[in-house]
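Scroll down for the structure; my scribbles are underneath it.
The values are calculated or read from the model by the stated rules, or taken from the named source; none is laboratory data. Note that the structure is predicted; figures quoted are calculated from it, not measured. No Cβ is skipped: glycine too gets one built from the backbone with ideal geometry, and neighbour counts run over all protein chains shown.
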Ligand code: OSB
Ligand code: MG
């Protein structure tokens, strides 16, 4: 299909509540939304790059630059047969996975809409629902955290993830376990520790955690492998896996037992699929991570998580947990069994709220 028009929007939306991790505290979400058009079809994509280079070196400004100056000129007015071909057109650009993923995922949506099929079906998803989970930021004190966990358990979230950092770890996990001995619980350190903290991880081993996500540096694979040898709790990698190659190396040297796949982090759905297939072959479980996406990126994640390899609970919660007024009219809600239903309309299958999108748009360029 031929792309006749592209549109970039920079939006700013307040979060329902600030989100704090070992990387910092976020109050608003600055986000790039892309629209790719082919005749009357429109595909939507969301860029997960943040306002500052904390989680990744990419930011909304670097992503805008790469999209505007390198990606859009490369794809506009070209005949592109399918999303895999789209992906290979961007192969000459090193890094900038979040910028690439934003455009690529928009093309997947467009392509699926033109075929009249839901995205999950197009990529080979088998399930009708995906397993939900909730990620809770660092709080002012432990009792606040316990209250928030209790609230989410009552709402029906079947898996709880809490953020940890040095000084907000052993005591916190101990208190959470004391109050909720049997819940599915995991922690995410966003790379805040080093091998010098081995004792902390050995102590965390007592708490029957599902996994420890990204304990060590965002660039590391080797130290994670050494750490995994020393502890029983599975290590899950997030930041360290930015490509299929990284995933292969991580599995080869046993840096982790689980991978959190975020399509934005690895360059889109094509690579996410490849990583999930690799993991399936090697008997490694995966799940889909989140980046506080709006309803648009959230919908992409829901479809991705329908693939057979995604056996663990995903960081995909209800829209209302993140945004009071989201960018989509269609909202994801939790089913009584702790799952979220995959939309069955063509493409990502959610209706974008154009007037809300207009309200939060700070900058818009059409190409
Ligand atoms: O490390 O998984 C992470 C949010 C922003 C940046 C990094 C992470 C997260 C989350 C939130 O954990 C997951 C979600 O979107 O619910
Ligand atoms: Mg993480």
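If you take the residues of the range 271-304 that are farther than 24 Å from residue 42 by Cα and assigned to a helix (DSSP H, G or I), which of them is farthest from ligand 1 (Cβ to nearest atom)?
Looking at the filtered set, the residue picked out is 281.
I'm trying to understand the selection: among the residues of the range 226-252, which are under 20 Å from residue 291 (Cβ atoms), within 16 Å of ligand 2 (Cβ to nearest atom) and either free of Cβ contacts under 8 Å to residues at least 24 places away in the same chain or in a loop (DSSP other than H, G, I, E, B) (or both)?
Answer for the range 226-252, where residues must be under 20 Å from residue 291 (Cβ atoms), within 16 Å of ligand 2 (Cβ to nearest atom) and either free of Cβ contacts under 8 Å to residues at least 24 places away in the same chain or in a loop (DSSP other than H, G, I, E, B) (or both): 238, 239, 240, 241, 242.
Output the helices (runs of 4 or more DSSP H) that fall wholly within the range 39-144 and possess 3 or more residues being more than 16 Å from ligand 1 (Cβ to nearest atom), surrounded by 15 or more Cβ atoms within 10 Å (Cβ to Cβ) and within 20 Å of the chain's Cα centre (by Cα), or say none.
Values: elements: 60-66, 72-75, 83-89, 97-115, 119-123.
The helices (runs of 4 or more DSSP H) meeting that bar are 60-66, 97-115, 119-123.
Considering only residues of the range 194-225 that are assigned to a helix (DSSP H, G or I) and within 14 Å of residue 237 (Cβ to Cβ), which is nearest to ligand 2 (Cβ to nearest atom)?
Taking the range 194-225 first, the residues assigned to a helix (DSSP H, G or I) are 195-207, 222-225.
Filter once more, so that each one left must be within 14 Å of residue 237 (Cβ to Cβ): 222-225.
Numbers: 222: 20, 223: 17, 224: 14, 225: 19 Å.
Only one residue tops the list, namely 224.
Has the range 159-170 got at least one residue that is within 15 Å of ligand 1 (Cβ to nearest atom), outside any strand (DSSP E or B) and within 26 Å of residue 254 (Cβ to Cβ)?
yes
Looking at 284, 271, which one is buried (at least 22 other Cβ atoms within 10 Å of the Cβ) and away from ligand 2 (no atom under 16 Å from the Cβ)?
Details: 284 fails: buried (at least 22 other Cβ atoms within 10 Å of the Cβ).
Testing whether each residue is buried (at least 22 other Cβ atoms within 10 Å of the Cβ) and away from ligand 2 (no atom under 16 Å from the Cβ) leaves just 271.
Could you list all residues from the range 138-165 that are in contact with a helix residue (DSSP H, G or I) (Cβ under 9 Å, 6 or more places away or on another chain) and farther than 30 Å from residue 344 by Cα?
138, 139, 142, 143, 145, 146, 149, 150, 162, 164
Within the range 253-270, take every residue that is more than 12 Å from ligand 1 (Cβ to nearest atom) and either in the same structural domain as residue 83 (by TED's automatic domain parsing) or part of a strand (DSSP E or B) (or both) and give me the one that is nearest to residue 304 (Cα to Cα).
First, pick out the residues of the range 253-270 that are more than 12 Å from ligand 1 (Cβ to nearest atom): 253-259, 263, 266-270.
When the remaining residues are screened for being either in the same structural domain as residue 83 (by TED's automatic domain parsing) or part of a strand (DSSP E or B) (or both), the result is 258-259.
Values: 258: 17, 259: 14 Å.
Restricting to residues being more than 12 Å from ligand 1 (Cβ to nearest atom) and either in the same structural domain as residue 83 (by TED's automatic domain parsing) or part of a strand (DSSP E or B) (or both), the top hit is 259.
Take the residues in the range 287-324 that are farther than 18 Å from residue 125 by Cα, more than 10 Å from the chain's Cα centre (by Cα) and within 16 Å of ligand 2 (Cβ to nearest atom), then tell me which one is surrounded by the most Cβ atoms within 10 Å (Cβ to Cβ).
Only one residue fits best here, namely 317.
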